[in-house]
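No value in this document is a laboratory result; all are computed from the given coordinates. The shown structure was predicted, so the numbers you read here are calculated from the model rather than taken from an experiment. Virtual Cβ from ideal backbone geometry, glycine too; neighbours counted across all protein chains shown.
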Amino acid sequence: FTSRVPSKKLGEGVLEAYKEFLKESPTFFAYWKAENMAKNLKQNGQYILAQAPFNSATQIDFFRMLSQTHPEAMVVMDAPDSEDMKYVFADNGTYGSVSMSMENGDDHEGVTVRIFTVNKSKFKAYCINGWKTDKDPPKDLVVVHEKIRSTIGNNNTNLLLLVCKDGCSRCPLFCLLDIESERIRSKGRMKFGDTIRNIRYQRSNSFDTPELFEVATSAIVELAKKNIDAGAKSEIKTV
């Protein structure tokens, strides 16, 4: 770290160094090689909250990660034609040692579907449209999440890959909805505070501003009301 801060003065150059470090997302490292699978326990029910690639080098790393993880599905918290996603929804070809092809799927209201084939792994990418800013998600996000989850199914054998521009501003929101929806389905209750803490422990910078936390709270309240209206007995534990 000190090698990147040229000045000896306290605090000088730290902001620039932080911005540089922030782009070096841990999701690009090859943790999921076959020889490491025993350490990762079961993949079903796990999530990867991934930063979208932002240049050609990270694009190669991203597709290598896809080839190693064999995700059940990929959920992209943006439209496929977004500038932030141009390295994800790229031309068919070979990136490093990984071949990638993509075709259109059957779109749903608020969701654009693409079908990826990465080496021998084939899966669908569900792109959630309608984002304005990180703190202004689509108004029907809870409904969109329900549609995506019902399409993917509940008995998955592989992990779910969530992608946004930095891996921590939008992905945790979908992860939160997914975990709490499953808790309602299986146990008839919610633990909002516990889930928020668990996500923050696993993915740094998640829900790290009052605005993003407020978005999460609003989404969970909407999810709770929806299930109460449907006759589910729900309990929000606000800790």
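Using the 2.2 N^0.38 Å rule of thumb for compact globular proteins, work out how region 33-229 stacks up: its C-alpha Rg over that value, please. Kindly include the intermediate steps, with their values, before the conclusion.
On the way: Rg = 16.3 Å, N = 197, 2.2 N^0.38 = 16.4 Å.
Relative to the rule-of-thumb radius for its length, region 33-229 sits at 1.00.
Would you kindly calculate the translational diffusion coefficient of region 117-185, applying Stokes-Einstein with the Kirkwood radius from alpha carbon pairs, for 10 °C and a viscosity of 1.306 mPa s, and quote it in µm² s⁻¹ without decimals?
Working: Rh = 13.4 Å.
Value of D from the Cα-based Kirkwood radius: 119 µm²/s.
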Any residue on another chain or 5+ positions along whose placed amide H is under 5 Å from the amide H of Ala50 is listed here as Leu162, Val163, Cys164
Could you calculate the FRET efficiency of Lys86 with Ser186 from 1/(1 + (r/R0)^6), where r is the beta carbon distance between them and R0 is 30 Å, rounded to 0.05?
0.20
